[in-house]
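See below for the structure under consideration.
The values are calculated or read from the model by the stated rules, or taken from the named source; none is laboratory data. Remember, predicted model here, so these are calculated numbers, not experimental data. Backbone-built Cβ (ideal geometry, glycine too); neighbour counts: all protein chains shown. For the accessible areas, the whole protein counts, side chains as well, though only heavy atoms, and no ligand, DNA or RNA atoms are used. Shrake-Rupley method; radii C 1.70, N 1.55, O 1.52, S 1.80 Å.
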Amino acid sequence: MSVDVATATTALRAQWDRLHDWVEVMADPRLGRESSVLAGWTIVDLWAHLGRAMDALAVCTPAPAGTVPLTLGEYLGSYAGRAADVAETTRQLAAEHALDPVGYVTSSARAAFATLDRLGPGDPVVQARRGPVRLSTMTVSRLLELVVHGDDLYRLSASGRRGRGADAVADPVDAGALALVADELLAIVRARGGWDLEVTDARRWVRLATGRVPYDVDALAVALQARYTSDAVPDLGRMLPLL
């Protein structure tokens, strides 16, 4: 990991605070069952999933000495095979916490940050639900969840289907958190292909890297650039999405 626990924790707190403020201002409980931008997911489902994501950090425990941790890329790679299970669990949580979904996620976030305080400030290997990882890796993966799904909510509100009040927080994604996630996703690509690339449009790159928008070489050329002008941005169609 190129990010230490302290940096990842600071970004996670900033992203959580911004997302929570956005939901409190923008969310209308009467529309909670409205479809989100994710096929088959309601807004309540999406919010419940954020609670589950923070729960995953809250339940982390120290791994036995000598445990070899997964990289961020390896950990994220386990997502695809469990998509159906995640969706079902998320819907169950949404039903269970239907009366106070925001309260559930707030409680989950509080427990997650308590775990970070307990396990840090070092970077131990911890046992997560999907395998052993460094605490920094786990924290970045939670940040990824909050950034990506925060952007899902942003896309929904930007379409005019959600939101109220001209003074509402315009964007539930913290700029610093978005930049960190974009860089860490690009680090996975660089490690696999050896390309020397830089992020030029963090939000566009995160959407491409996580499969939120269809892969498009022209969009990729806007999202990334080669560090040296003599190089070109490679076609990453066979590598993306990363999760």
Spin-label point model (7 Å from Cα, Cβ direction): what's the Arg192 to Val217 distance in nm?
1.9
HN-Hα J in Hz across region 204-209 - Karplus 6.51, -1.76, 1.60, θ = phi - 60°, x for Gly and Pro:
5, 5, 4, 5, 5, 5
In whole percent, and with a 1.4 Å probe on the protein chains, what portion of the accessible area of region 93-243 is carbon and sulfur?
50
Kirkwood estimate for region 41-132, i.e. one over the average of 1/r between Cα atoms, Å
14.2
Might you work out the accessible area of Tyr215 for me, using a 1.4 Å probe with all protein chains in place, and round it to the nearest 10 Å²?
80
Projected onto their principal axes, the Cα atoms of region 62-187 stretch, largest extent first, over whole-Å spans of 53, 34, 30
I need two numbers for the chain: Rg to one decimal and Dmax as a whole number, Cα atoms only, in Å.
17.8, 57
The ratio Rg/Rh over the Cα atoms of region 35-76, Rh being the Kirkwood inverse mean 1/r radius, stands at 1.17
Note: region 116-243 at 4 °C, 1.567 mPa s; Kirkwood Rh on alpha carbon pairs; Stokes-Einstein D in µm²/s works out to 80
Once the dipole of the chain is set up from charges on Cβ (+1 Lys and Arg, -1 Asp and Glu), the residue from the list Pro241, Pro172, Trp41 lying farthest towards its positive end is Trp41
Under a point-charge model restricted to the Cβ atoms of Lys and Arg (+1) and Asp and Glu (-1), what is the dipole moment magnitude of the chain relative to its Cα centre, in debye to the nearest 20?
400
Just need log10 I(q)/I(0) for region 6-86 at q = 0.19 Å⁻¹, Debye formula, equal scatterers on the alpha-carbon atoms, no solvent, rounded to two decimals.
-1.13
Probe 1.4 Å, heavy atoms of protein chains only: per residue, the accessible area of the chain in Å² is 46
Accessible surface, 1.4 Å probe, highest first, among residues Met54, Met239
Met239, Met54
I need to check one value: relative contact order of the chain, counting alpha carbon pairs closer than 8 Å and at least 6 residues apart, in percent.
27
Quick check: from the Cα gyration tensor, does region 53-95 come out rounded (a/c under 1.5), prolate or oblate?
oblate
With every protein chain present, what accessible area does His97 have (1.4 Å probe, heavy atoms only), rounded to the nearest 10 Å²?
50
